[in-house]
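Throughout, read-outs are computed from the coordinates displayed, never taken from laboratory work. This is a predicted model, so every value here is computed, not measured. Cβ sites come from the backbone with ideal geometry, for glycine too, and all protein chains shown count toward neighbours.
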Amino acid sequence: MRSRPLRIAVASGKGGTGKTTVAVNLAAALAAAETAVAYVDCDVEEPNGHLFLSPTGLRREVVTVQVPEVDPRRCNLCGACGSACRFSAILALPEEVLTFPQLCHSCGGCVIACPERAIREVPRAVGVVEEGCAGSVAFVHGKLDVGVPMAPPVIRAVLDAAPADRVVVMDAPPGTSCPVMAAVRDADVVLLVTEPTPFGLNDLKLAVSMVRALGVPLGVVVNRVGIGDESVRSYCARESIPVLMEIPNDRGVAEAYSRGGLALQVLPDSHQQLMALYARLCETARLFPVPPEGGGAERNTAPAVGGPPPSERVGATAGQDLLTEIVVISGKGGTGKTSVVASLFALAHNAVVVDCDVDAADLHLVLCTPPLSPGAGREGPALRERRPFVGGSVATVAEAMCTGCGICIARCRFGAIRPESDTVEVDGLACEGCGVCVDHCPVGALDLQPSVNGEWFVSETRHGPLVHARLGVAQENSGKLVSLVRREGRAVAAERGREFVICDGSPGIGCPVIASITGASMALIVTEPTLSGLHDLTRVAELCRQLGVPAAVAVNKADINPDVTAEIEAEAGRWDIPVLGRICYDEAVTAAQVKRSAVVEGDDGQGRGKAAEEHRALAEAVFERLGLTPPTIIVGSF
């Protein structure tokens, strides 16, 4: 029996589904019902809950991680530290030892390996945790420092600060990779928020696999009911997943969100519905659901299919430096980033498109195989290559050799090894692959094995080549996979004589985003006129400046709140970032997603309407700014 109050993790396969809206409103409804509740924002890359709950009396604590510092007076340059580090965070050169703190996982292996005790660990700030109150709601959130790639240490600090004597509503990061796992694995129940669109269904399936891999009970909220179809409900019915609440599509909710208002203030009967949701969550947590046959996390064991190995691809190096690369990003998902990428690709010729959002890739859903004719069924891209992604290692134990001495348990800083009868067991989801346990096992019972963290693809669409990937459920190394698909996209472009590359970047400011935009010709930041959009723009702009990447801004749904649109444009001006376009709120964009096409296409291949026109104008401005010739834009020729 659970002795503490319920811990609810509100999550989604991708941002922008209404996850934060549900979390803050649920916390507010519980507080109004005089339930002791805490709102805990674990989305440390782009925390937004404070914009709606307005906490006061915030107390700040800096979050640090331990990184190595070398004493050159004691170091004999033996190289043991570099050999022990599996993350290239410490490098022994002939005349000095270099450290790279941003790559360090704080495993302590280099300290243990140094025979001269020349290495000590020192704290490095990676973010902050703030605690306060929003009325009777206890409030905790974290902020990852801009430029820091790894979010889990800050997420763990946020969870440590969560009160144990209150119901906790955790606003988890979007996606299915290691930051989400850090937030979700200790929850009593997970509430997945989705939308009834192809994007929503695709991301929901990924999120369900993640939660089932962790063994946590789950339920679903379907947001914006009425904009799509019945596919999400049908999927939930097949998988025996309870749909605990449905929220109608209501422009008033979107407008309230843009002002930092709560849905409780807009939707009638919302308080009663949220309290009913809480009651269903309590019941779901009590009745642990049995996954249906075939459920659970997917494991990629598929062999490579088609095409040469990456290192042998023709043109994989030659000509890449001359390519123009546009990366479309956003502070948080749901701003319309992927729709903008689809339109850019549809309006351009001589391009390759790359989906860098490997945590929850969606671009393939709107890029079909040729030909596209009025009324024809739309199929996904034609797969040309499929390859496994080996991004790291995981420790394994030979039970017959293990003596159960426990040295590995004592050495592991990640809690990935636990006793099991007369031997030990490795938790593959918690293992960082640091190898400290391997290096210090006295009988050699532990070993590191390559970990298949996902797979990547080269596909053919009606507009040209698509390079995309799928990170394995609850896996890390998403930054490495992003770098791989970007590199392969450039190689495909060079091989086929394409002029430039368009990338659908990852949301947020962490490792995948850094990998998405480093060295790009331009980052196009797609935001929306909400307080969240304004907040996130500032953090993304700072990241672009740190990395030296030229940036531009597009404001989506600009007419939802013209005042905030003006504030966003003024903020962009303060960063010397040009605003290249505004796109209106238009349900034709969602309709295009449901039909699996770009908004500029439509059923006749010539998308009409205000949003389609504004997507075209934005594309023209983007290509003009990059110095690409006007014929690059082809309108109505599909």
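What whole-number distance in Å separates the alpha-carbon centres of region 164-234 and region 443-479?
Between the Cα centres of region 164-234 and region 443-479 lies a distance of 22 Å.
How high is the relative contact order of region 1-105, given as a whole-number percent (alpha carbon pairs under 8 Å, six or more residues apart)?
That works out to 14 percent.
To the nearest 20 Debye, how big is the dipole of region 443-583 about its Cα centre, given +1 on the beta carbon of each Lys and Arg and -1 on that of each Asp and Glu?
400 debye
Nothing charged except the Cβ atoms of Lys and Arg (+1) and of Asp and Glu (-1): what's the magnitude of the dipole of the chain about its Cα centre? Round to the nearest 20 debye.
Numbers: 56 positive and 74 negative charges, 92 e Å.
About 440 debye.
Region 1-52 to region 87-113: how many Å between their Cα centroids?
Region 1-52 and region 87-113 have Cα centres spaced 38 Å from each other.
Taking the Cβ of Gly334 as the center, what net charge do the other residues with Cβ under 10 Å away carry, scoring Lys and Arg +1 and Asp and Glu -1?
+2
Relative contact order, percent, of region 391-453 when contacts are C-alpha pairs under 8 Å separated by at least 6 residues?
In percent, rounded to a whole number, it is 49.
Quick one: Karplus J couplings for region 522-535, per residue in order, coefficients 6.51, -1.76, 1.60, θ = phi - 60°, nearest Hz, x for Gly and Pro?
Along region 522-535, the couplings run 7, 10, 9, 8, 9, 10, 9, x, 10, 4, 5, x, 5, 4 Hz.
For region 391-453, take the alpha-carbon Rg, divide it by the Kirkwood Rh, and send me Rg/Rh.
Using Cα coordinates only, the ratio equals 0.92.
Grab the DSSP H runs of the chain that are 4 residues or longer, score each as -39,500 (n - 2.57), total them, divide by all residues and round the 222 nm result to the nearest 500 deg cm²/dmol.
That comes out to -9000 deg cm²/dmol.
If the chain between Glu96 and Glu69 were fully stretched, how many nm would it gain, using 0.36 nm times the residue separation less the Cα-Cα distance?
Numbers: separation 27, 0.36 × 27 = 9.72 nm, distance 1.24 nm.
Full extension of this stretch gives 8.5 nm more.
Explain nothing, just compute: Karplus ³J(HN,Hα) = 6.51 cos²θ - 1.76 cosθ + 1.60, θ = phi - 60°, for every residue of region 179-196 in order, whole Hz, x for Gly and Pro.
For region 179-196, the Karplus-derived couplings read x, 5, 4, 4, 7, 9, 5, 9, 6, 7, 7, 10, 10, 8, 9, 9, 10, x Hz, x marking Gly and Pro.
So what is the relative contact order of the chain, in percent, for Cα pairs below 8 Å that sit 6 or more residues apart?
16 percent
Of the listed values (i) 1.00; (ii) 0.96; (iii) 1.21, identify the label whose number matches Rg/Rh (Cα atoms, Kirkwood Rh) calculated from this model.
Given (i) 1.00; (ii) 0.96; (iii) 1.21, the structure-derived one carries the label (ii).
Of the options Gly510, Pro101, Gly261, report the single residue whose Cα projects farthest towards the positive end of the charge dipole of the chain (beta-carbon charges: Lys, Arg +1; Asp, Glu -1).
Pro101
Taking R0 as 56 Å, what FRET efficiency do you get between Arg259 and Phe87 from their Cβ-Cβ distance, rounded to the nearest 0.05?
The formula returns an efficiency of 0.80 here.
Under a 5 Å amide H to amide H cut-off, with H placed in plane at 1.01 Å, what residues pair with Ala551 once short-range neighbours are removed?
Ala523
Among DSSP beta bridges whose residues both lie in the chain, state the antiparallel percentage, nearest 5.
Working: 52 of 102 bridges.
Bridges in the chain are about 50 percent antiparallel.
Average projected area of the Cα convex hull of region 231-270, in nm²?
Taking the Cα atoms of region 231-270, their convex hull projects to 3.6 nm² on average.
Past 18 Å, Cα to Cα: identify those pairs from Lys14/Lys205; Lys19/Lys332; Lys19/Lys595; Lys337/Lys557, in the order given.
Listed pairs above 18 Å: Lys19/Lys595.
Near Lys143, which aspartates and glutamates are there with a Cα under 12 Å away, not counting those fewer than 8 places off in the same chain?
The qualifying aspartates and glutamates are Asp41, Asp43, Glu45, Glu46, Glu61, Glu130, Glu131, Asp536.
Kindly rank 157-164, 197-204 from highest to lowest mean number of other beta carbons found within 10 Å of each residue.
Output ranking for 157-164, 197-204: 197-204, 157-164.
Name the aspartates and glutamates eligible as straight-distance cross-link partners of Lys610: C-alpha to C-alpha under 20 Å, and not fewer than 8 places from it in the same chain.
Correct list for Lys610: Glu255, Glu528, Asp559, Asp586, Glu587, Glu601, Glu620.
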